[in-house]
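Please read the structure below before turning to the comments.
What follows draws every value from the coordinates through simple rules; no lab data is involved. Worth saying up front: this structure is predicted, and the values here are computed from it rather than measured. All Cβ positions, glycine included, derive from the backbone under ideal geometry; neighbour counts span all protein chains shown.
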Amino acid sequence: MNATAGAVDSEPQHGAPRVSVIVPYYENQLGLDRLLRALERQDLPPHEFEVIVSDDGSAEAPALPATSYPITVTRQENLGFRAAAARNKGAALAKGRHLVFLDGDMMPEPGFLTAMLAGLEHQDDGHGVLAVGARKHVDVSSCTPDQIDQWLASGHANGARRVDDPAWLSDGYARTNDLADADVEDFRLIISALMGVNREFFERVGGFDETLTGYGGEDWDLAYRCWQAGARFVHVPNAVAWHDGPDLGGRPDTRDIKDAETMALAQRIPLPSTRGRGLVFDQPAVVVRVHAHDNDGEAFLTALQLLRNADVGLWFVDLGSMPAALAQDPRVRVGQPKSQYVDRCRFVVDVLAPLVLDEPLSELCERGEQSAPGLLVLRETRSLNRGESDVSAVCDAVRPAATEKRIEGRVVHG
């Protein structure tokens, strides 16, 4: 029932599948053969899932075996390592309500898809779920296909050699109670090698960031954005898939790869743990929308108050043009912030009138949501998206600016 390369299957006999399995592929026919064979042995009925193989520019299209479940192949031009774009291309063809991403070198156990669906469907509180299975490691380079089947079914097979799993993942899942107690920093525990998400939610957050090219980072970036959008993280320990060989950390000469990933994420994830402190990035941690400022002098003074010692971007929504005194600061803009900035920021602050801060804005953010009536409202992006924002706490570190005085004397004293 599989399709030819580049074709799209007709609807399965029983209607749209429950889940679409997206497999990014690049010139690894042996790995794909193992994965598709493992999917043939799933305990989920074949009409309840489809497989979409998304080829990232291989010289030749992957060969497909005859399978009981439908397969689609889609291909993109070889413009370098573009796993994010390949996954998005596959997801765009998906018919299932849920998406499961499996890397092309993974071998899922027979109950993998059933367990992933249970995690996705039973954990959703209406704000989206991002689920990750349990990746384990084994060397099956000397195994026959039947021996690999035996390993996946029982964990025992001649020729298979167990490889250590990365401790940072298992320790993270233990620390967070399988992600039930996750916080914003735990996006690192979501890996796209075996990840599941509701298709509608995936589309709503914009899928993977296709500007992230090369090895790694696109899964952590997606996880961070899903967290800010209000999603729950779920680790499904009985959704097991095996990787042939060690994790990247167990391979030699990977420092340059990981360093490039870190610097790419620093531009996108505004946390001190990803970007440190001191540099100015296009994406701020705090988006400030400044209202009721139609005077260049008051805008200048407000910017001085809000930008000190903080990872902040200011948008003056009521100013018709940029004040000359602020034009050289890349953190200051005129108009409404684009959704791309709001979606990634940690906090959204609305400034309602000229004000003076007795503490840096960064310190106010550390104390969480709060407001100063008529002057400032500070909210967490995740709480806003979940409809849980609570600004009942009164901010006592904000006071009205002395707008009757000239700005000359207020530059230093407020």
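FRET efficiency for His156 and Ala59, Cβ-Cβ distance as r, R0 = 51 Å, nearest 0.05? Write down the numbers at each step before the final one.
Details: r = 38 Å, r/R0 = 0.74.
Step by step, r from the Cβ atoms, then E = 0.85.
Please name whichever of Val21, Cys395, Thr67 sits farthest to the positive end of the charge dipole of the chain, dipole taken about the Cα centre and charges placed at Cβ: Lys and Arg +1, Asp and Glu -1.
Positive-end residue among those listed: Cys395.
In whole angstrom, how long is each semi-axis of the equivalent ellipsoid of the stretch 19-269, when you take the square root of 5 times every eigenvalue of its Cα gyration tensor and sort them from largest down? Mind dumping the intermediate values first?
Numbers: eigenvalues 121, 84, 82 Å².
Taking √(5λ) for each eigenvalue gives 25, 21, 20 Å, largest first.
For the stretch 303-414, what Kirkwood radius comes out of the mean inverse Cα-Cα distance, in Å? Working shown, then result.
On the way: mean 1/r = 0.0666 Å⁻¹.
The Cα-based Kirkwood calculation yields 15.0 Å.
When DSSP beta bridges are limited to those with both residues in the stretch 286-413, what percentage is antiparallel, rounded to the nearest 5?
Values: 11 of 25 bridges.
Of the beta bridges lying entirely in the stretch 286-413, close to 45 percent run antiparallel.
Work out how much length Thr403 to Asp183 would gain on full extension: take 0.36 nm times their residue separation and subtract the Cα-Cα distance, in nm to one decimal.
Values: separation 220, 0.36 × 220 = 79.20 nm, distance 4.09 nm.
Net length gain for the segment: 75.1 nm.
Determine the dipole magnitude for the chain: charges of +1 sit on the beta-carbon of Lys and Arg, -1 on that of Asp and Glu, nothing else is charged, the reference point is the Cα centre, and the result goes in debye to the nearest 20. Spell out each step's value before the answer.
Details: 41 positive and 62 negative charges, 114 e Å.
Charge dipole of the chain: 540 debye, to the nearest 20.
Would you kindly calculate the translational diffusion coefficient of the stretch 194-329, applying Stokes-Einstein with the Kirkwood radius from alpha carbon pairs, for 25 °C and a viscosity of 0.890 mPa s, and quote it in µm² s⁻¹ without decimals? Walk me through the numbers on the way to the answer.
Numbers: Rh = 18.4 Å.
The estimated diffusion coefficient comes to 133 µm²/s.
Report, by chain and number, residues whose modeled amide H sits under 5 Å from the one on Val391, excluding near sequence neighbours (fewer than 5 apart, same chain).
Amide H neighbours of Val391: none.
Mean separation of Cα pairs under 8 Å and 6+ residues apart, divided by the residue count of the stretch 286-413: what relative contact order is that in percent?
On the way: 233 pairs, mean separation 34.3, N = 128.
With pairs under 8 Å counted, the relative contact order is 27 percent.
Would you mind ranking Leu301, Leu222 so that the residue whose beta carbon has the fewest other beta carbons within 10 Å leads the list? All intermediate terms of the calculation are to be shown ahead of the outcome.
On the way: Leu301 22, Leu222 26.
The most exposed by this proxy come first: Leu301, Leu222.
Compare the Cα positions of Ile407, Ala303, Leu376 along the charge dipole of the stretch 286-413 (+1 at Cβ of Lys, Arg; -1 at Cβ of Asp, Glu; about the Cα centre) and return the one farthest towards the positive end.
Of the candidates, Ala303 comes out farthest on the positive side.
Label 7 Å along Cα→Cβ of Phe281; the stretch 306-344 residues with amide nitrogen under 20 Å?
Residues passing the 20 Å test: 307-315, 329-333, 337-344.
So, in nm, how far is label Gln76 from label Ser170 when the simple model puts each one 7 Å beyond its Cα toward the Cβ?
Simple spin-label model gives 3.5 nm for this pair.
May I ask you to derive the relative contact order of the chain, considering only C-alpha pairs under 8 Å and at least 6 residues apart, and to give it as an integer percent? Display every interim value, and only then the final one.
On the way: 853 pairs, mean separation 56.4, N = 414.
Relative contact order, the chain: 14 percent.
In this model, which of Lys338/Lys405; Lys136/Lys338; Lys258/Lys338 are farther than 32 Å apart at the alpha-carbon?
Over 32 Å apart, Cα to Cα: Lys338/Lys405; Lys136/Lys338.
Provide the gained length on full extension for the span Arg204 to Asp33, in nm with one decimal, where the gain is 0.36 nm per separating residue minus the Cα-Cα distance. Could the numbers behind the result be given before it?
On the way: separation 171, 0.36 × 171 = 61.56 nm, distance 3.25 nm.
Gain on extension, Arg204 to Asp33, equals 58.3 nm.
Report, in debye and to the nearest 20, how large the dipole of the stretch 68-210 comes out about its Cα centre when Lys and Arg carry +1 and Asp and Glu carry -1 on their Cβ.
Numbers: 14 positive and 22 negative charges, 105 e Å.
Computed charge dipole of the stretch 68-210: roughly 500 debye.
Listed highest first by mean packing, meaning other Cβ atoms within 10 Å per residue, what order do 275-282, 231-238 come in?
Going from most to least packed, we get 231-238, 275-282.
Multiply the residue separation of Ser321 and Asp146 by 0.36 nm, subtract the distance between their alpha-carbon atoms, and state the gained length in nm to one decimal. Before the final figure, lay out the partial values.
On the way: separation 175, 0.36 × 175 = 63.00 nm, distance 6.97 nm.
Here the segment from Ser321 to Asp146 would lengthen by 56.0 nm.
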